[in-house]
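Here's the structure, in structure tokens; my notes come after.
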Amino acid sequence: MTHEFSVVELMRNASWVVQAVVLLLVGVSITSWAAILRKVFALKRVRRLTDEFERDFWSGGNLQTLYESSLRRAPEGSPMERIFASGMREFLKLRERRITQPDALLDGARRAMRAAYQRELDALEVNLSFLGSVGSVSPYVGLFGTVWGIMHAFTGLAALTQVTLATVAPAIAEALVATAIGLFAAIPAVVAYNRFAHDIDRLANRLETFIEEFSNILHRHAGAAGH
């Protein structure tokens, strides 16, 4: 590849529209990679904290002690731990109000856990819509730059009396760079979106299973207290 056909040289000779499209796509690509790396580390941390809390929860310790510990580290804890704390908090509040019916206690705790679950799911899905948009829109933005570049190239070639491959190739190549950059931005975003969506679905299933299991435990506690 000669110097004249390097990407930098092609972009220097491209029309301002193609240059703007490429700069936009490069910026989007950098932003999406930053979002991907943040999400990778965030999900890894969530899985580790969730595993740790599950071990503590099923170790047979006292629920009140575990609840107090969860309150102290709530901002740094796992989603499962915050869901547990929400359910336990509501359960204890209802008990303090002298509500002893097991169904009423359980319904209140389940509603609190469901609300916390939805908040945690929304937090886990941050940046997913951005990655999905990058993956779906970037190829079309690149294609727009390519079409515009080819139109601009053919307009310039119309004034020439003799057109050869040597005169056409640079103009076409600089236009196609936009499509290449669009695919470069889109492919990692699509792969990351699908992977993160799968991981979040698995975490969501774990959280829903925990809600059901903890609800059963609270139901037994409520029944025992009612007697």
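I need every pair where a residue in segment 195-220 that is touching a residue at least 60 places away in the same chain (Cβ under 8 Å) has its Cβ under 8 Å from the Cβ of a residue that is of a type in the set (Asp, Glu) and part of a helix (DSSP H, G or I), sequence separation at least 6 or different chains.
That search, which allows pairs on different chains as well, returns Leu207/Glu120; Phe210/Glu54.
Conditions tested, residue by residue: (1) closer than 15 Å to Leu207 by Cα; (2) part of a helix (DSSP H, G or I); (3) in contact with a Gly (Cβ under 6 Å, 6 or more places away or on another chain).
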residue	(1), (2), (3)
Phe53	yes, yes, no
Gly60	no, no, no
Glu90	no, yes, yes
Gly135	no, yes, no
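If you take the residues of segment 97-125 that are over 28 Å from Arg45 (Cα atoms) and open to solvent by less than 20 Å² (accessible area, probe 1.4 Å), which of them is nearest to the chain's Cα centre (by Cα)? Show your work before the answer.
Initially, segment 97-125 is screened for residues over 28 Å from Arg45 (Cα atoms), giving 97-108.
This time we only want the ones that are open to solvent by less than 20 Å² (accessible area, probe 1.4 Å), so: 105, 108.
Details: Leu105: 35, Gly108: 31 Å.
Ranking the candidates gives Gly108 first.
Which numbered condition trips up Leu94, out of (1) more than 15 Å from the chain's Cα centre (by Cα); (2) exposed (fewer than 14 other Cβ atoms within 10 Å of the Cβ); (3) free of Cβ contacts under 8 Å to residues at least 60 places away in the same chain?
(2) is the only condition that Leu94 fails.
Are any of the residues in segment 42-55 at pLDDT 90 or above, more than 17 Å from the chain's Cα centre (by Cα), open to solvent by 90 Å² or more (accessible area, probe 1.4 Å) and more than 30 Å from Ser138 (Cα to Cα)? Before the answer, list the steps.
From segment 42-55, those at pLDDT 90 or above are 42-55; that's our starting set.
Next cut, more than 17 Å from the chain's Cα centre (by Cα) only: 48-55.
Still in the list and also open to solvent by 90 Å² or more (accessible area, probe 1.4 Å): 48, 55.
With the extra rule that they be more than 30 Å from Ser138 (Cα to Cα), the set shrinks to 48, 55.
Yes, because at least one residue in segment 42-55 is at pLDDT 90 or above, more than 17 Å from the chain's Cα centre (by Cα), open to solvent by 90 Å² or more (accessible area, probe 1.4 Å) and more than 30 Å from Ser138 (Cα to Cα).
The values are calculated or read from the model by the stated rules, or taken from the named source; none is laboratory data. Note that the structure is predicted; figures quoted are calculated from it, not measured. Every residue, glycine among them, receives a Cβ derived from its backbone with ideal geometry; neighbour counts consider all protein chains shown. Quick note on the areas: whole protein, heavy atoms, side chains included, nothing else; ligands and nucleic acids left out. Shrake-Rupley method; radii C 1.70, N 1.55, O 1.52, S 1.80 Å.
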